[in-house]
Amino acid sequence: MPLESLLTGDYEVDPTLVYERLRARYGPVAPVDVLGVPVWFVLGYDEVLHIMQNARDAWSKRVDHWRAYAEGGVPADWPLLALLQADNSGFHDGDRHRGLRGAWIAGLRPFQDPGGEQAQRLERAMVRHCDDLVDVMAEAGPTGRADLAGQYSRPFPLLVANHLLGVTIERGEDLLEDQWRLLDGSDSAGAYQRLHAALLDLATAKRQRHGDDLPSYMIEAKPDLTNEELARELMMLSGFLDFTGSLICNVIVEAITNPRLRESLSIGAIEEVVNRVALANPALANLTLRYARMDVKLGRFTIAAGDPVMLSIAGAHADPRFAGAFTSDNIRSTRAHLAWGAGPHRCPSQRLATQMSTIAVRRLLDRFSVLTPTLPVDRLPWRPSPFVRALRSLPVTYEVSTRFSGTLRPARETRGEPSPPAVQDGGDVRPRSGLVTFLHGLRRGQ
Ligand code: HEM
């Protein structure tokens with residue numbers, strides 16, 4: 001049967017229309033072509049949830065369970081192959097997966113424990129990073145133009161990553177720039193290699209000298225984790241932080257284009273907007289592949305053992321059997337969405353990612369009294385990707401809030417003078433010069 005391509009121009013402009021066309025033609029499971037390779041695209045809510053929850057028995061995440069791959073039928077240069085071959089927790093099953101996942105859960109715990117010291121330090125760091133990004137955007141004056149995707153929502157999680165990784169600011173600059181290049185597609189192969197080498201060094205250093213950071217906590221939780229394994233796990237951070245940047249950007253769009261929302265944006269209200277945006281426009285729209293371990297009847301088809309499925313979170317959320325439920329007074333909660341996954345691979349970092357989104361949006365709205373998109377929402381440019389739903393840019397005009405304009409710090413680096421270290425609340429000393437230079441680079445690259 002000739003297969004429809006998933007990633008067409010239509011998909012880039014409005015994936016929802018493509019999901020609906022596939023659903024109307026095939027039902028909850030559609031045979032599609034993803035960049036030349038046949039894949040079962042699962043877009044029924046019940047089917048996606050069922051596969052996520054039954055991962056251990058019927059489905060595998062290991063690429064060597066893919067029949068076509070094992071038989072040499074997947075071209076070596078297929079663009080998604082390197083990702084699927086990655087040797088990390090996202091692509092393992094069973095005990096290997098459980099052990100690595102346990103290290104993540106333990107490593108993230110101190111940052112996600114609301115009353116804990118680490119979580120509070122991280123929260124203060126997040127607010128500072130938001131302020132740094134706003135300061136650089138607003139240097140042109142109290143009113144002007146900015147790109148909230150390139151200058152705010154994408155760099156913010158990378159700054160948070162340095163805090164999680166427990167790196168010094170000098171080392172952090174290189175990591176930041178390479179993570180940026182990796183996500184941006186500019187010199188991504190070189191960036192991948194440098195990033196991997198840097199994370200291997202970091203893993204080695206943290207094993208010798210523990211700190212209050214994610215790699216040290218992961219080593220503590222799983223002492224038999226080798227440095228190489230830890231570096232491979234930490235490589236996943238770039239992707240996860242990219243999803244977080246996309247979610248933040250999608251929430252900003254909602255917050256600045258819905259005038260009623262802006263009036264009532266308390267922290268609780270922003271958290272609810274984050275939840276609604278995660279449902280209506282999930283940053284991680286489709287997941288990497290899973291492979292059937294046996295013949296399975298799904299929708300109108302039988303998926304043969306060894307066939308790949310791509311679970312579509314965005315497709316599942318648009319499924320009338322799920323989305324239609326919200327219109328009546330039934331008991332299904334909007335929190336039953338799948339944006340964080342479900343079952344044994346469910347995201348262990350939901351709280352942290354939600355907190356990052358809430359703080360980033362709240363701080364932006366505090367610091368700017370006016371933020372107006374310069375393009376209609378339906379003309380905003382999206383990045384082409386089978387996995388993420390992320391804006392390429394979010395151009396706006398802004399007005400700095402007078403409540404905060406007095407606090408803008410002058411950018412000394414641009415005049416050749418290094419910034420003094422800034423002493424922050426909580427006593428953290430923060431040398432800003434390298435960081436601000438990096439942020440200026442982003443602005444020049446616009
Ligand atoms: C908006 C941001 C994020 C979204 C939408 C998201 C979503 C998800 C989803 C859907 C999965 C399940 C994938 C699957 O079943 O195939 C997942 C897994 C995972 N996420 Fe997140 N995530 C986000 C941010 C983060 C962050 C910031 C971190 C780490 C700091 C993180 C760490 C992980 C890990 C380690 C896994 C693999 C879990 C496993 O395989 O057991 N995520 N995430």
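The values are calculated or read from the model by the stated rules, or taken from the named source; none is laboratory data. Fair warning: this is a prediction, and the values are worked out from it, not measured in the lab. Positions of Cβ are backbone-derived with ideal geometry, glycine not excepted, and every protein chain shown enters the neighbour counts. Keep in mind that these areas ignore ligands, DNA and RNA; they rest on the heavy atoms of the full protein, side chains included. Shrake-Rupley method; radii C 1.70, N 1.55, O 1.52, S 1.80 Å.
Against the conditions (1) farther than 29 Å from residue 90 by Cα; (2) modelled with pLDDT under 95; (3) not in a strand (DSSP E or B), residue 369 satisfies every one except (3). Within segment 136-156, the residues that satisfy the criterion of being open to solvent by less than 10 Å² (accessible area, probe 1.4 Å) and assigned to a helix (DSSP H, G or I) are 136, 137, 138, 149, 152, 153, 155, 156.
Only a single criterion out of (1) surrounded by fewer than 20 Cβ atoms within 10 Å (Cβ to Cβ); (2) among the hydrophobic types (A, V, I, L, M, F, W, C); (3) modelled with pLDDT of 95 or more; (4) over 30 Å from residue 124 (Cβ atoms) is not satisfied by residue 310, namely (1). Screening the candidates 214, 237, 202, 182 for the property of being touching a residue at least 24 places away in the same chain (Cβ under 8 Å), over 19 Å from residue 148 (Cα atoms) and open to solvent by less than 10 Å² (accessible area, probe 1.4 Å) yields one hit, 214. Can you work out which of the residues in segment 332-375 that are touching a Ser or Thr at 6+ places or on another chain (Cβ under 9 Å) and of a type in the set (Ser, Thr, Tyr) is nearest to the ligand (Cβ to nearest atom)? Residue satisfying both the conditions and the ranking: 349.
Just one of the listed residues (124, 109) is over 20 Å from residue 215 (Cα atoms), part of a helix (DSSP H, G or I) and either within 22 Å of the chain's Cα centre (by Cα) or modelled with pLDDT under 90 (or both), and it is 124.
Could you list, in sequence order, the residues of segment 267-317 that are touching a Phe, Trp or Tyr at 6+ places or on another chain (Cβ under 6 Å), within 16 Å of the ligand (Cβ to nearest atom) and hydrophobic (A, V, I, L, M, F, W, C)? 283, 284, 309, 310, 316, listed by residue number. Candidates 9, 73, 90: the one that is open to solvent by 10 Å² or more (accessible area, probe 1.4 Å) and within 13 Å of the ligand (Cβ to nearest atom) is 90.
Identify, please: which residue in segment 240-263 is open to solvent by 40 Å² or more (accessible area, probe 1.4 Å) and over 18 Å from residue 179 (Cα atoms) and is, among those, nearest to the chain's Cα centre (by Cα)?
Taking segment 240-263 as the starting set, the residues that turn out to be open to solvent by 40 Å² or more (accessible area, probe 1.4 Å) are 240, 243, 254, 257-260, 262-263.
From the residues that got through so far, the ones that are over 18 Å from residue 179 (Cα atoms) too are 254, 257-260, 262-263.
On the way: 254: 18, 257: 22, 258: 23, 259: 26, 260: 27, 262: 24, 263: 28 Å.
Going through the qualifying residues, I end up with 254.
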